[in-house]
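Laboratory data are not the source of any read-out in this text; all were calculated from the coordinates shown. Fair warning: this is a prediction, and the values are worked out from it, not measured in the lab. Counting neighbours? That spans all protein chains shown, and the Cβs are built from the backbone with ideal geometry, glycine included.
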Amino acid sequence: KCILTLYFQVPEHAELAWILGCLTNMPRLLRLPQWKMKRASQNNEGTVGLLTYPVLQAADILLYKSTHVPVGEDQVLHLELAQDIAQHFNKKYGEFFPRPKAILSEL
């Protein structure tokens, strides 16, 4: 079974991304390899959307209280960010989000 979600019909994705973005520090995002690589290819002028995309991805995962997430090797660090954000949120506001675990997909 597959659930197809149209983002514009679920404003909670953007709302949670905003909240989680307020809990995520810039140095953590700037260390992500995808940001570094893409920024280098854009003449060192990466966009805010590119920088904050991993927070939106974390919101997508945490919104549904996912416990396991299928990811490729290139997304493991983004999932670790989601785990860290969940842990930080839970420490600050009480146990709410599970820490999602990676299910590594094989290509």
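Which values of log₁₀ I(q)/I(0), to two decimal places, follow from the Debye formula for the range 53-107 at q = 0.13 Å⁻¹ with a uniform point scatterer at every Cα? Evaluating at q = 0.13 Å⁻¹ gives log10 I(q)/I(0) of -0.28. Summing Cβ point charges (Lys, Arg +1; Asp, Glu -1) relative to the Cα centre of the chain gives a dipole of roughly 220 debye. Taken over the range 10-104, the percentage of Cα pairs per 10 Å bin, counting from 0 up to the bin with the maximum distance, is 16, 49, 30, 5, 0. Counted by Cβ distance under 12 Å from residue 84, the other residues give a net charge of +3, where Lys and Arg count +1 and Asp and Glu count -1.
Comparing mean-square fluctuations of 59, 40, 82 from a GNM of the chain with C-alpha springs under 10 Å, the top value falls on 40. What is the sum of charges around residue 5, taking Lys and Arg as +1, Asp and Glu as -1, for the other residues whose C-beta is under 14 Å from the C-beta of residue 5? Once all neighbours under 14 Å are counted, the net charge is -1. Taking each residue as 0.36 nm, the span from residue 8 to residue 31 lengthens on full extension beyond its C-alpha to C-alpha distance by 5.3 nm. Pairs spanning more than 28 Å between alpha-carbon atoms, out of 65/92; 38/92; 65/91; 1/65; 36/101; 1/101: 38/92. Count the net charge of all other residues whose Cβ sits under 14 Å from the Cβ of residue 22, scoring Lys and Arg as +1 and Asp and Glu as -1. Its environment carries a net charge of +1. Along the axis of the charge dipole computed for the chain (Cβ charges of +1 for Lys and Arg, -1 for Asp and Glu, origin at the Cα centre), the listed residues 71, 61, 23 are led at the positive end by 23. Please report the relative contact order for the chain, taking Cα pairs under 8 Å with a sequence separation of at least 6, and give it as a percent rounded to a whole number. For the chain, the relative contact order is 27 percent.
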